[in-house]
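Asker: Take this structure first; my questions come after.
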Amino acid sequence: MQVLNLFFILIVCTLCILSLIKYNKSRKSFGNNNLEFLQKNQWIIVCILIIIGFAVRAIYLGSNPSGLNQDEASIGYDAFSLLKYGIDRNNFHNPVYFVAWGSGQNVLYGYLTIPLIALFGLNTIVIRIPALIFGTLSLLVFYLLIKEIWNMSTALIGLVLLIISPWHIMISRWALESNLLPAFLLFGTYFLVLSFRKSKFFIISMVMFGLSLYSYALCYIILPIYLVLIFVYIIMFKQINIIDFIIGVVLLVIMAMPLFLLILINKGIIPEIITPLFSIPFMSGFRGSDLDVGIAANLIVFIKIILRQSDGLIYNAIDGYGIFYLFSLPFIIIGFISSIRISIDKIMKRQFDESIVFILWFIATFIMSLLTLTNINRENSIFITLIYFCSLGILFVIKNIKIAIVFVAFIYLTAFLSFSCYYFKTYPSQIGIVFYKSLPEAINYASEETKGNIYLTSNVNMTYIYVLFCEKIPTKEFVDTVQYDDINGEFRSPKKFGRYIFGITNFNISKNDVYVIDNSSIKVFLKKGFKIKKFENYSVAY
């Protein structure tokens, strides 16, 4: 794959250089030469593409990524608890932010999951469905947004790039709650652009942006910067009806107010708020530590992530494929420069430029990157803009070198097919270790087939959440019996609750008890005379 990447990068760079040499300074607007075939069959083509995009995001949803991530289990159990018992696992009624491990977890994904749990129960597939739904909706909205700004041919290129993006495929297939942020920023931006023609859409845009605040806490930084830049631009060109503008902004402020109070509470300025309708909790490990103003160091990390398209975390990116394929960077650079030039040119001519929303979105996220410790999932909101710039870069190249469309189509199709084969054949076994595959089966067996105390391995991050998720422990039972090592810790973990005890040492091994262990510990328990029920990565000793 590395050799293939180098070959593709060489082809792309050659095409880009040739297209720059042929660049016509008279510069026609993007994609004016749309084919008549595309115009007549636009929605048939779009529907087929979105069906392909949905399929690659939906197939084997419950088994790939194999296993279950602790954040997925956490958001799923809290949603289940709210549905069944009206409280989360930390005994808060309808919190605006889940306390979760002690350091908090964004709530939007959990609330969106509640109706699905009510219909189909709590399981891995169900909690991944919102990611699938909003990932697929993003495909359509991304197409509509680019078409609204430019035209159909540009939008089709953008749609295809998003459909085959390894990053977007992967975030649409597992329930990391922060990965809803790109979708809701995209929805808000789409309705914002529509509002430039019909101002009533501005209110809907602000609602989408308001919801985005509940998808990921880093949006507290991104959204104010993004909207201030946009509002200044809008006011300069008087592009929105003042009544709709005021209503939309007031609505956004109202939606953001609980989170503003959340910050005040967790800075110790005011006490936590508990009402019959909602809770704004105090968290022992509130993540103010995520902010890091080491701007130079953060910039270096950001550049490395963009160049390498990897942060070393297998659930964020697969080496060799990256976020949008390693050879896309020249296209992104050309598209970014072209977009900047067009916007500057229009500003100088006092013409309103709708496409500037992508530049301002990029700037807001880039500033956030300089202020925080970062990785791919923390950078997730920037990648939509880079895929947009990539589509402009590809269009620039194929407009200047007609034959380039064949090479571009070939390299992206080859890369996509290669990624798909790897993701569905090789990746499950790799991610299964990281996502604790077979641990739920071991927990279920120990709980249903044995009696007495159950000790669980400490080699799993936050083992207790898997017990809650798999056994659907009544929330009140957990709240009443849980004992923490450090209840004020940022990532607090129980010592025990009910019949479940966490952590196994030589001092607490007794033949009267049951043990859920990783398979590397099987020999220890066999020597002590235990029977073993073995699963893929974990076993039960009894």
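Asker: Filter the stretch 117-134 down to the residues that are closer than 28 Å to Ala256 by Cα and open to solvent by less than 30 Å² (accessible area, probe 1.4 Å) and list them by number.
Answerer: Across the stretch 117-134, the qualifying residues are Ile117, Ile127, Arg128, Pro130, Ala131, Leu132.
Asker: Next up: Would a scan of the stretch 362-380 turn up a residue that is aromatic (Phe, Trp, Tyr) and open to solvent by 10 Å² or more (accessible area, probe 1.4 Å)?
Answerer: yes
Asker: Condition first: among the aliphatic types (A, V, I, L, M) and touching a Ser or Thr at 6+ places or on another chain (Cβ under 8 Å). Now tell me which residues in the stretch 319-337 satisfy that.
Answerer: Ile323, Ile334
Asker: When the residues of the stretch 207-223 are narrowed to those that are farther than 16 Å from Pro258 by Cβ and assigned to a helix (DSSP H, G or I), which ends up least open to solvent (accessible area, probe 1.4 Å)?
Answerer: Per the stated criteria, the residue is Ile222.
Asker: Let me ask something else. Can you pull out the residues in the stretch 437-472 that are hydroxyl-bearing (Ser, Thr, Tyr), closer than 18 Å to Asp71 by Cα and open to solvent by less than 30 Å² (accessible area, probe 1.4 Å)?
Answerer: Residues satisfying the conditions are Ser438, Thr463, Tyr464, Tyr466.
Asker: State whether the residues of the stretch 108-119 include one that is aliphatic (A, V, I, L, M), in contact with a Lys or Arg (Cβ under 9 Å, 6 or more places away or on another chain) and not in a helix (DSSP H, G or I).
Answerer: So far as the stretch 108-119 goes, no, none of its residues is aliphatic (A, V, I, L, M), in contact with a Lys or Arg (Cβ under 9 Å, 6 or more places away or on another chain) and not in a helix (DSSP H, G or I).
Asker: Which of the residues that make up the stretch 495-541 are basic (Lys, Arg) and farther than 24 Å from Pro428 by Cα?
Answerer: The answer is Lys495, Lys496, Arg499, Lys511, Lys523, Lys527, Lys528, Lys531.
Asker: Condition first: assigned to a helix (DSSP H, G or I) and over 30 Å from Phe469 (Cβ atoms). Can you find one or more residues in the stretch 163-171 that meet it?
Answerer: Yes, that holds for at least one residue.
Asker: Determine, yes or no, whether Asn151 is farther than 22 Å from Arg57 by Cα and either touching a residue at least 40 places away in the same chain (Cβ under 8 Å) or in contact with a Lys or Arg (Cβ under 7 Å, 6 or more places away or on another chain) (or both).
Answerer: Yes, satisfied.
Asker: Follow-up question, since we're still on this one. Which one is nearest to Ser510 (Cα to Cα), of the residues in the stretch 473-497 that are exposed (fewer than 14 other Cβ atoms within 10 Å of the Cβ) and in contact with a Gly (Cβ under 7 Å, 6 or more places away or on another chain)?
Answerer: So the residue we want is Glu477.
Asker: Tally time: how many residues in the stretch 121-138 are hydroxyl-bearing (Ser, Thr, Tyr) and closer than 21 Å to Ile50 by Cα?
Answerer: Of the residues in the stretch 121-138, 2 are hydroxyl-bearing (Ser, Thr, Tyr) and closer than 21 Å to Ile50 by Cα.
Asker: Restricting the stretch 70-107 to residues that are part of a helix (DSSP H, G or I) and among the charged types (D, E, K, R), which is surrounded by the fewest Cβ atoms within 10 Å (Cβ to Cβ)?
Answerer: The residue in question is Lys84.
Asker: Consider only pairs whose beta carbons are under 7 Å apart and that are at least six residues apart or on different chains; among these, list those whose first residue lies in the stretch 209-229 and is in contact (Cβ under 8 Å) with a residue 40 or more places away in the chain and under 10 Å from Ile367 (Cβ atoms) and whose second residue is crowded, with 24+ Cβ neighbours inside 10 Å and among the β-branched types (Val, Ile, Thr).
Answerer: The qualifying pairs are Ile222/Thr365.
Asker: Which one is most open to solvent (accessible area, probe 1.4 Å) among residues in the stretch 305-336 that are touching a Phe, Trp or Tyr at 6+ places or on another chain (Cβ under 7 Å) and of a type in the set (A, V, I, L, M, F, W, C)?
Answerer: Filtering the stretch 305-336 for residues that are touching a Phe, Trp or Tyr at 6+ places or on another chain (Cβ under 7 Å) and of a type in the set (A, V, I, L, M, F, W, C), the one most open to solvent (accessible area, probe 1.4 Å) comes out as Phe336.
Asker: Could you list, in sequence order, the residues of the stretch 178-221 that are polar (S, T, N, Q) and within 13 Å of the chain's Cα centre (by Cα)?
Answerer: Answer for the stretch 178-221, where residues must be polar (S, T, N, Q) and within 13 Å of the chain's Cα centre (by Cα): Ser178, Asn179, Ser212, Ser215.
Asker: Here's something else I'd like to know. Check off (1) free of Cβ contacts under 8 Å to residues at least 40 places away in the same chain; (2) over 23 Å from Trp101 (Cβ atoms); (3) assigned to a loop (DSSP other than H, G, I, E, B); (4) open to solvent by 30 Å² or more (accessible area, probe 1.4 Å) for Phe530 and give me the number that stays unchecked.
Answerer: With respect to (1) free of Cβ contacts under 8 Å to residues at least 40 places away in the same chain; (2) over 23 Å from Trp101 (Cβ atoms); (3) assigned to a loop (DSSP other than H, G, I, E, B); (4) open to solvent by 30 Å² or more (accessible area, probe 1.4 Å), Phe530 is out only on (4).
Asker: Which of the residues that make up the stretch 161-206 are open to solvent by 10 Å² or more (accessible area, probe 1.4 Å) and either touching a strand residue (DSSP E or B) at 6+ places or on another chain (Cβ under 7 Å) or aliphatic (A, V, I, L, M) (or both)?
Answerer: Selection gives Leu161, Ile164, Ile171, Leu176, Glu177, Leu194, Ile203, Ile204.
Asker: Which of the residues spanning the stretch 465-499 are of a type in the set (Ser, Thr, Tyr) and either in contact with a helix residue (DSSP H, G or I) (Cβ under 6 Å, 6 or more places away or on another chain) or in a helix (DSSP H, G or I) (or both)?
Answerer: Hits for the stretch 465-499 are Tyr466, Thr475, Thr481.
Asker: OK, next. Against the condition at pLDDT 95 or above, more than 24 Å from Leu395 (Cβ to Cβ), over 17 Å from the mean Cα position of the chain (by Cα) and not in a helix (DSSP H, G or I), how does Leu122 come out, does it pass?
Answerer: When the stated conditions are applied, Leu122 passes them.
Asker: Quick check on Ile504: is it of a type in the set (A, V, I, L, M, F, W, C), surrounded by fewer than 18 Cβ atoms within 10 Å (Cβ to Cβ), more than 30 Å from the chain's Cα centre (by Cα) and not in a strand (DSSP E or B)?
Answerer: no
Asker: Scan the stretch 227-256 residue by residue and report those that are surrounded by 13 or more Cβ atoms within 10 Å (Cβ to Cβ) and either charged (D, E, K, R) or within 17 Å of Asn106 (Cα to Cα) (or both).
Answerer: Asp244, Met255, Ala256
The values are calculated or read from the model by the stated rules, or taken from the named source; none is laboratory data. Everything numeric here is computed off the predicted structure, so don't read it as measured data. Cβ: placed from backbone, ideal geometry, glycine included. Neighbour counts: every protein chain shown. To get the accessible areas, we keep the full protein, side chains included, count just its heavy atoms, and leave off ligands, DNA and RNA. Shrake-Rupley method; radii C 1.70, N 1.55, O 1.52, S 1.80 Å.
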